[in-house]
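Have a look at the structure below, then the notes.
Nothing in this text is a laboratory measurement; each read-out follows from the coordinates by a stated rule. Computed from a predicted structure; not experimentally measured. Cβ: placed from backbone, ideal geometry, glycine included. Neighbour counts: every protein chain shown.
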Amino acid sequence: MGVLSYNYERPRVRLVGIGEVNENVLSPQDVRKILDTDNLEIVKLCKKADIEPKKTDDGKTYFSLDDVRTLKSIKNASSNGVMSQSASQLVVDSLLKSLHRMESNITDSVSKILDERLEGMDEVVVELIRCKTDNENLKAQIEELTKENYTLKKENASYRPFMFGMYVKEDVQQTLF
C-alpha cells in the first residue's frame with residue numbers, strides 16, 4: 001500500500017476561530033478528489049473507520065490528513081476485498097479509540113448519576129447522627145426514671161396499713177420486692 005499521492009499545496013484552509021493556516025487540514029471537496037468518490041461513500045467510510053469530521057467555529061467541515069489517510073486505506077482495502085495489515089491495524093485502532101470513548105462516556109454518565117443520587121446523603125447522615133444521639137439520651141433518661149420508679153415503689157411498699165386508714169412505716173431494708 002502506498003503513501004497518498006496528492007499535491008498538498010492547494011488544500012491550505014484558513015479556519016475561522018482557530019486563526020492559523022494548517023497544512024494538515026483538508027476540505028470535503030479535497031477529500032472527494034483524493035478518494036475519487038462522492039459524499040455518501042465518504043460518510044460510509046467514516047462510519048467504517050469511526051472517524052468524525054471536525055467542524056470549524058463557523059460550522060464548516062474539515063478532515064485531518066491522518067483521517068484522509070485512514071479513509072483512503074479503508075477504501076483501498078474494501079475495493080481489493082482483502083485488508084492489508086496496515087488497513088486492518090487502522091480499523092483496530094479506530095475500534096480501540098471508539099471503545100475508549102465509550103468507556104469514558106459511560107464513566108462520566110455513571111459518575112454524574114451517582115453524584116446526583118448521593119447529593120442529599122450528607123444531610124441524611126447528619127440527621128441520622130442527630131437521631132442516634134437523641135436516642136442515646138432518651139435511653140439514659142429511661143434508665144434514670146426506671147431507677148427512680150424502683151426507689152419510689154420500694155418506699156411505697158414500706159408503708160403497711162394499720163387501722164382506720166392509717167399506715168405504719170416499716171424499715172425499708174425489710175421490704176424488698
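In order along region 158-170, the phi-based Karplus estimate (6.51 cos²θ - 1.76 cosθ + 1.60, θ = phi - 60°) of 3J(HN,Hα) comes to 6, 8, 10, x, 9, 6, 6, x, 9, 10, 10, 8, 9 Hz; Gly and Pro are listed as x. Note on Thr151 and Asp38: their simple-model spin labels are 10.1 nm apart, each label 7 Å out from Cα toward Cβ. Computed over the alpha-carbon atoms, region 51-168 gives an Rg to Rh ratio of 1.74, Rh here being the Kirkwood radius from the mean inverse distance.
For the cross-link pairs Lys47/Lys112; Lys54/Lys97; Lys47/Lys97; Lys44/Lys72, the ones whose C-alpha atoms lie over 19 Å apart are Lys47/Lys112. Amide hydrogen proximity for Tyr159: with H placed 1.01 Å from N in the peptide plane, the residues at 5 or more positions away or on another chain lying under 5 Å are Glu170.
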